[in-house]
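K.L.:
Structure in structure tokens, see below.
Derivation of every value follows stated rules applied to the coordinates shown; laboratory data play no part. Here the structure is a predicted model, which is why all the values come from computation and not from measurement. Backbone-built Cβ (ideal geometry, glycine too); neighbour counts: all protein chains shown.
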Amino acid sequence: MFPFSFSPTAYRALTRACLSLFVLCLPAIGLAGSSPALPPIKHVFIIMLENESYPVTFGPQSIAPYLSRELPKQGALLPNYYGVGHYSLDNYIAMISGQAPNPATQGDCVTFSEFVPTGKADENGQLPGTGCVYPKSVHTLANQLTDAGFSWKAYMEDMGKDPKREAATCAHPAIGTPDLTEHAAPNDQYAAKHNPFVYFHSIIDKRKYCDSRVVNLDHLANDLANIDSTANLIYITPNLCHDGHDAPCKNGEPGGLISADAFLRTWVPRILNAPAFKKDGLLIVTFDEGNDGKACCNEKPLPGGPQPGGQIGPGGGQIGAVLLSPFIAPGTQSDVEYNHYSLLRSLEDMFGLSHLGYAQDSQLHSFGNDVFTAHPASSK
């Protein structure tokens, strides 16, 4: 018994107060119980390859055995991962900004033109218009990470190898000029269209900022040696030969999936052995687009622009992806549908960021317990 008593009125008031406090706590209690937290990933590595559909890359006749058989055994295979457009550039743009394809990016921006808006950004963060270099008002995952106190770095193979073609850092054509990197040279196979970071004024207008973060791939080996020198987001673009784009290559290599597989055999073990990966890392290997026009995930077009995907179908095709992490059990496979907007949304969720562009679509899936099968919360 309590050493004091309540009047009926006071007792009812106290009861209402206790019930109110309990109801206020319910959302937090329910959230913790029904939506397990993401694993504490703080170092993400992305390797972007080119132009292959899932059946070719991961099918039984694949000529890339390291990618198609060895890596899925070590991590998670996502068969139902899709591109969002054709050709290359619109997929890269979507992956870091959530912006849908426009006529210029669908054509790979053979002229490095300014993006010309035809209106204001809509409720989905889509800026209508056409062109290549987006105005400062269009932010990217890179800008988000910087604003939140995280680091990022993009490593571009061959960038600057021929100074007559492009600079050694933050390399892009002058605005309004033809893109001389559209095609490989024997001594330099860098392509600006596979480097999405140079298509945003929010990045390239701050020259020192861009120069220190968009660099040649040769820097990566040293940066992987220590956690402090490994950026929170590392974006890796092989050259036009090693990403599988060209076959044969200008330098005499076979190219295609054969050279892409050899590139992965060299670089994936280096990443997996890096202290940052072992601590809290995630490696994602995927492609820009496939050879079909398939789409998923409620993909929408740019308002007033071309249809989703363009060129050969409503989407960018089924391409697949492989993910490796200390938080992923070997041999995992998820049949959940994802696309490049889903990847952006997933990365933003990992780093506690808001969603840009079409990454905010509530019908998109983010990587969750279907992928992170070695995270303790995945079994709850």
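K.L.:
Select from VAL322, VAL116, VAL133 the residue whose mean-square fluctuation is largest in a Gaussian network model of the chain (Cα-Cα springs shorter than 10 Å).
P.N.:
Per the Cα network of the chain with a 10 Å cutoff, VAL116 tops the list.
K.L.:
In a solvent-free Debye calculation with one equal scatterer on each Cα, what is log10 I(q)/I(0) for the range 232-380 at q = 0.12, 0.17, 0.18 Å⁻¹, listed in the order of the q values?
P.N.:
Values returned for q = 0.12, 0.17, 0.18 Å⁻¹ are -0.62, -1.18, -1.27.
K.L.:
OK, next. Starting from the Cα gyration tensor of the range 124-169, multiply each eigenvalue by 5, take the square root, and state the resulting semi-axes largest first in whole Å.
P.N.:
26, 19, 7
K.L.:
Given springs between every Cα pair under 10 Å in a Gaussian network model of the chain, which of GLY119, GLY315, GLY75 has the largest fluctuation?
P.N.:
Top of the fluctuation ranking is GLY119.
K.L.:
Between ALA37 and LYS136, with labels modelled 7 Å along Cα→Cβ, what's the label distance in nm to one decimal, could you check?
P.N.:
3.7
K.L.:
If you take the charge dipole of the chain about its Cα centre, with +1 on Lys and Arg Cβ and -1 on Asp and Glu Cβ, which of TYR92, GLY252, ALA192 is farthest toward its positive end?
P.N.:
TYR92
K.L.:
Next question, about the same structure. Taking the number of other C-beta atoms within 10 Å as the exposure measure, put ILE41, ILE93, ILE175, ILE47 in order starting with the fewest.
P.N.:
Details: ILE41 22, ILE93 28, ILE175 14, ILE47 25.
In order of increasing Cβ crowding within 10 Å: ILE175, ILE41, ILE47, ILE93.
K.L.:
Now, a different point. Tell me the trypsin sites (Lys or Arg not before Pro) within the range 114-177 that lie in a loop according to DSSP and have at most 15 other beta-carbon atoms within 10 Å.
P.N.:
LYS120, LYS136, LYS164
K.L.:
How large is the direction-averaged shadow of the alpha-carbon convex hull of the range 170-323, in nm²?
P.N.:
Numbers: hull surface 45.0 nm².
Quarter of the Cα hull surface area: 11.3 nm².
K.L.:
Additional query: Nearest 5 percent is fine: what portion of the DSSP beta bridges confined to the chain is antiparallel?
P.N.:
Bridges in the chain that DSSP calls antiparallel: roughly 30 percent.
K.L.:
Neighbour counts of other C-beta atoms within 10 Å: give me ASP261, ASP218, ASP288, ASP361 arranged from fewest to most.
P.N.:
Result, fewest neighbours first: ASP218, ASP361, ASP261, ASP288.
K.L.:
May I pose another question? What is the sum of charges around ASN226, taking Lys and Arg as +1, Asp and Glu as -1, for the other residues whose C-beta is under 15 Å from the C-beta of ASN226?
P.N.:
Result for the local shell: +2.
K.L.:
Give me PHE351, PHE197, PHE367 sorted ascending by neighbouring Cβ count inside 10 Å, so fewest comes first.
P.N.:
Neighbour counts put them in this order, fewest first: PHE351, PHE197, PHE367.
K.L.:
Among all the lysines, which ones have a C-alpha under 25 Å from LYS161's C-alpha, if same-chain residues fewer than 8 places away are not counted?
P.N.:
Within the straight-line cut-off, LYS161 pairs with LYS153, LYS193, LYS206, LYS208, LYS250.
K.L.:
If you restrict to DSSP beta bridges whose two residues both lie in the range 135-268, what percentage is antiparallel, to the nearest 5?
P.N.:
Details: 1 of 9 bridges.
Just about 10 percent of them are antiparallel.
K.L.:
Can you list, bin by bin at 10 Å, the percent of alpha carbon pairs in the range 41-379, starting at 0?
P.N.:
Here the calculated profile for the range 41-379 is 6, 28, 39, 24, 4, 0.
K.L.:
Return one number: the angle in degrees, 0 to 90 and rounded to the nearest 10, between the long axis of the Cα atoms of helix 8-34 and the longest principal axis of the Cα atoms of the chain.
P.N.:
Tilt of helix 8-34: around 20 degrees.
K.L.:
Something else: Would you kindly calculate the mean projected area, averaged across all directions, of the convex hull enclosing the Cα atoms of the range 67-180, in square nanometres?
P.N.:
9.9
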